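Before any comments, here is the structure.
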Amino acid sequence: MRKLFVGEAQCRMKKARYYLLGEDPEAPGSYGVQIKMEGEEASVKNLSPSRERVLELAEALARGAVTPMALHDVVDDWLLE
């Protein structure tokens, strides 16, 4: 799995880092997102075959300073769009 750094944001006195996940040999052409913060980490794989769409999601996560704990709720809403 490859990770592309997308951005970072200050969340609750900690820095969160946002990544685009892609090129999984088991799911080629499928992309996901990951958030890493001191002591916390969350990821969602295989969201879409559209790199651009998932990259936009990752950028929006960074702009909104989404924490790892909230990632799954935000992704659930994003999938309903």
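The values are calculated or read from the model by the stated rules, or taken from the named source; none is laboratory data. In this text the structure is predicted, and so the values were computed from the model without any measurement. Using ideal geometry, Cβ is built from the backbone for each residue, glycine included, and neighbour counts are taken over all protein chains shown. Please note that ligands, DNA and RNA were not included when accessible areas were found on the heavy atoms of the full protein model with its side chains. Shrake-Rupley method; radii C 1.70, N 1.55, O 1.52, S 1.80 Å.
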Computed [θ] at 222 nm, deg cm²/dmol, the chain (DSSP H ≥ 4; -39,500 (n - 2.57); rounded to nearest 500): -8500 deg cm²/dmol
Cα-based Lys proximity count in the chain, under 16 Å, for pairs eight or more positions apart or on separate chains: 5
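Keeping the other protein chains in place, figure out the carbon and sulfur percent of the accessible area of the chain, with a 1.4 Å probe. Walk me through the numbers on the way to the answer.
On the way: 2430 of 4960 Å².
Answer for the chain is 49 percent, counting heavy atoms of protein chains only.
Top to bottom by accessible area (1.4 Å), largest first, where do Met1, Met69, Met13, Met37 land? Before the final figure, lay out the partial values.
Numbers: Met1 100, Met69 155, Met13 175, Met37 10 Å².
In descending accessible area the options line up as Met13, Met69, Met1, Met37.
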Most fluctuating residue given options Ala16, Ala62, Ala70, as computed from a GNM of the chain linking Cα atoms under 10 Å: Ala70
Under 11 Å from the Met1 label point (7 Å along Cα→beta-carbon), backbone N, the stretch 40-81: 42-47
Normalised contact order of the stretch 1-71, rounded percent, pairs of Cα under 8 Å and 6 or more residues apart: 31 percent
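With a 1.4 Å probe and all protein chains kept in place, how do Val74, Val44 rank by accessible area, largest first? The partial results should precede the final answer.
Numbers: Val74 50, Val44 20 Å².
The ranking, largest first, comes out as Val74, Val44.
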Percent breakdown of C-alpha pair distances by 5 Å bin, ordered from the shortest bin, for the chain: 3, 17, 30, 26, 16, 7, 1, 0
